[in-house]
There are 2 protein chains.
Amino acid sequence: MRPISFSIEKEHPGSLARAGVLHTEHGDIKTPAFVAVGTKATVKGISSAQFSELGVQTIIANTYHLYLSPGEQTVEKAGGVGKFMGFSGPTMTDSGGFQVFSLGEGFGKKLSKFLPENASQEEGVSVYNEELATSHGKLAIVDEDGVSFTSHINGSLHRFTPERSIEIQHALGADIIFAFDECTSPAADYEYQKEAMDRTHRWAVRSLAAHRQNFEKNKQQGIYGIVQGGRFADLRIESAKTLANMDFDGYGIGGSFSKADILGILDTVDRELPKDKPRHLLGIGEPEDIFIGVAAGIDTFDCVLPTRNGRSGGIYTNNGKLLVENAEYKEDFSPLDTECDCSVCKQFSRAYIHHLFRSKEMLGPTLASMHNIYFLTHLVERIRASILDDNFEKFRDEFLGKYKR
Amino acid sequence: MRPISFSIEKEHPGSLARAGVLHTEHGDIKTPAFVAVGTKATVKGISSAQFSELGVQTIIANTYHLYLSPGEQTVEKAGGVGKFMGFSGPTMTDSGGFQVFSLGEGFGKKLSKFLPENASQEEGVSVYNEELATSHGKLAIVDEDGVSFTSHINGSLHRFTPERSIEIQHALGADIIFAFDECTSPAADYEYQKEAMDRTHRWAVRSLAAHRQNFEKNKQQGIYGIVQGGRFADLRIESAKTLANMDFDGYGIGGSFSKADILGILDTVDRELPKDKPRHLLGIGEPEDIFIGVAAGIDTFDCVLPTRNGRSGGIYTNNGKLLVENAEYKEDFSPLDTECDCSVCKQFSRAYIHHLFRSKEMLGPTLASMHNIYFLTHLVERIRASILDDNFEKFRDEFLGKYKR
């Protein structure tokens, strides 16, 4: 028996959209589902006590961040990332690949593909080598075996390999973990994208092997492979085909650093993946993208924008986004979104939340993030209902007709 | 009939302590009670949706801050400070006296007692006069009629008089408002303290008159006079006697800028006040102070420390305070306070909250503040129960025996 399983309740006749249930040791996730981002084992500003009222079924935490602080061993002692953050529902961790390359600041620079000699033996060990860190600068250095990178916190040198990422994810103990992948810059040329994709495939084999080995922890953990290939359709298709032949429990579609990389060819990619396995679109989840993703067969989405926008007063509504700090809301005593049933919209006005932001009160970002998370989870709930009720297109057209980008 | 009324349920035989109920238009406050500080119409980091679970019966907002932003007229349009912040229970506003003198930065400096000529006509009008603001510097300038002060936000010049403070408090619409008083530096000499106290008494007469005039708003609003006199027992007693003869609905005891000013002579002062009216100790509310205050006949307390300490990880427990960011809590999976029943202690560990603080996650200050507010409101609830059960001293000795400062 697989550690996680997926059952499809209904398929939409006109697209790849489907409604299903993802079963995990810590409970079911009704799909399509919006996964709240809990990078450092916290959905920023929101307590796990509020997840249920906000419609949060599951969260995705970050291997890179939790490895650096508090360290995966602390989380393991707490009983895993869910228990650590006081959440009894299903959890995911990504592999850390994206953060290694983005926060390690390889992004936009030519990545060195050769590991400095004196770092080559330090796989998985957190060391600070001043000479190396200095020469190494801010780059993430990729070699066949893995990636050396500097901490965004203190510049110390670290190394992830597929095996090390999986080992950390076993300690973090989420229900769904991800293979370690290389995230390329959208500026990378075809040649480099292909090289990185091929390496990601070799790392996928190693991640899967490391996971299926006799780790005590991994019995309940499902593992997803990650489709890469940047903005090149043929590479994406090749990547999907290659990973489809590996025995993953599900698949992540890596957005790389640009969502334009993948959205246009997502349905083509998903057609190559096994239909009976769940698919997660990594890091993409604006309302308009979610409709595209669902129609292309995506089951789960994660995206930092509801909380990131929320922290600066950017509010999602059924009529599009608004900036609540703008002067026009100073005496607007209507809720953030008049069509929203969330606890924030029931209790507080735009004028109050405007005041909180203007006064730099921390409750402002919290309330805005709560509303935004509810908005996204509830939007995806409504999409799910529309698939079950056979009116997905109608709901999509109605929603997007009103929603101004 | 008075806008607010107070009934005593039980008097403690060995001290001035009493348990009672303060009746307001927006509900009852069971006393003794801890009043959460909601300076800018928000208890920092905590939503009013959480007040009930945290034991918050009432909050005290700040006239100075709400006058500056968003302006009392916006709050009035919202339906008053309670409605503005989504809270249906009783509310209080202080008069702004303390903030005018502390944030206007008169504190610790020799206050000028003469108003610059060109500001004298601008009572109650928010103006920016660059020349005056510059010459005026950062001082709060007191004259017989009121105080001119600069905004801590942008240096603009403002003026409060007793009448203006009451007018603003009418717009803010709290159930309990305070007379406008002069808060002196603890360094002020006897002569100045007496002068300021006498002025505070004249301002009390004017505040009361302004309140009792035919304002539509004030029918449900009770007004408290404020006892001043700094650290001088004879002045405090004189102040209490003077105010006792005025027809206030209750009394505030001004802590000035130092709690040593008042705690030692609090019972002497309270003996001069009418027994059947409620008494509020302004800005003092550490656990050990609360026991002193209750024994001296105080009914309500407010104090910023539960939230201010909470924001920097200072945690109240039944065994004293701890700093949850300290290394010793990194893998301490017990709750913040093992004897606490609050929702934070039921769901989260010290290790998790330690991690949130180390990671500078905003949820850390929120959870710590929630716990601290619950701790204080619950402590005062327990004190109330001990008065009703005739074991106030026993409870006090047990609590303080364990509670390390």
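Read the figures in this text as sums done on the coordinates, not as results from a lab. This structure is a prediction, so every number in the text was calculated from the model and none was measured. Ideal geometry is used to build each Cβ from the backbone, glycine not excepted, and the neighbour counts take in all protein chains shown.
Computed values, structure above
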read-out	value
Charge sum, other residues only, whose C-beta stays under 11 Å from A:Lys277's C-beta, Lys/Arg counted +1 and Asp/Glu -1	-2
Contact order normalised by residue count of the range B:5-303, Cα under 8 Å, 6+ apart, percent	18
Order of B:Met362, B:Met197, B:Met246, B:Met92 under a 10 Å beta carbon neighbour criterion, fewest first	B:Met246, B:Met362, B:Met197, B:Met92
Among beta bridges that DSSP assigns inside chain B, antiparallel share in %, nearest 5	50
Radius of gyration and Dmax over the Cα atoms of the range B:183-240, both given in Å	13.7, 41
Calculated from backbone phi, Karplus (6.51, -1.76, 1.60) coupling profile of the range A:59-64 in Hz, x at Gly/Pro	10, 10, 9, 10, 5, 4
Other-copy label distances relative to A:Asp389, 7 angstrom Cα-Cβ extension, nm	5.4
Sum of side-chain charges, B:Arg236 neighbourhood, beta-carbon under 14 Å (Lys, Arg +1; Asp, Glu -1)	-2
Gain on full stretching of the segment that runs from B:Asp276 to B:Ala327 - 0.36 nm per residue minus C-alpha separation	13.3 nm
Simple Cβ-charge dipole of the range A:310-399, Lys/Arg +1 and Asp/Glu -1, about Cα centre, in debye nearest 20	420
Distance-filtered residues of the range B:19-35 - backbone nitrogen under 19 Å, label point 7 angstrom along B:Ser88 Cα→Cβ	B:23-30
Degrees, to the nearest 10: B:190-212 long Cα axis against longest axis of chain B	90
For the range A:310-399: relative contact order, % (alpha-carbon pairs under 8 angstrom, 6 or more apart)	29
Using alpha-carbon coordinates, inclination of helix A:363-388 to the longest axis of chain A, degrees	90
Neighbour-count order for B:Tyr190, B:Tyr352, A:Tyr316, fewest beta carbons within 10 angstrom listed first	B:Tyr190, A:Tyr316, B:Tyr352
Overall form of the range B:5-303 per C-alpha gyration tensor (a/c, 1.5; a/b vs b/c)	oblate
Total formal charge among the other residues, if their Cβ is under 14 angstrom from that of B:Tyr329, Lys/Arg +1 and Asp/Glu -1	0
Folded to 0 to 90 degrees: helix B:162-172 orientation relative to chain B principal axis, Cα	50
Convex hull projection area averaged over all views, the range A:250-361, Cα basis, nm²	8.5
FRET efficiency for B:Glu393 and A:Asp198, using Cβ-Cβ distance with R0 set to 51 Å, rounded to 0.05	0.05
Teacher prompt: A:Thr338 distances to equivalent labels in other copies, 7 Å Cα→Cβ, nm	5.6
Label distances, nm, A:Lys219 versus same residue in remaining copies, Cβ-directed 7 Å point	7.1
GluC sites (Glu not before Pro) within the range B:1-66: DSSP coil, no more than 15 neighbouring Cβ in 10 Å	B:Glu25
Stokes-Einstein D in µm²/s, Kirkwood radius over Cα pairs - the protein assembly as shown at 20 °C with 1.002 mPa s viscosity	73
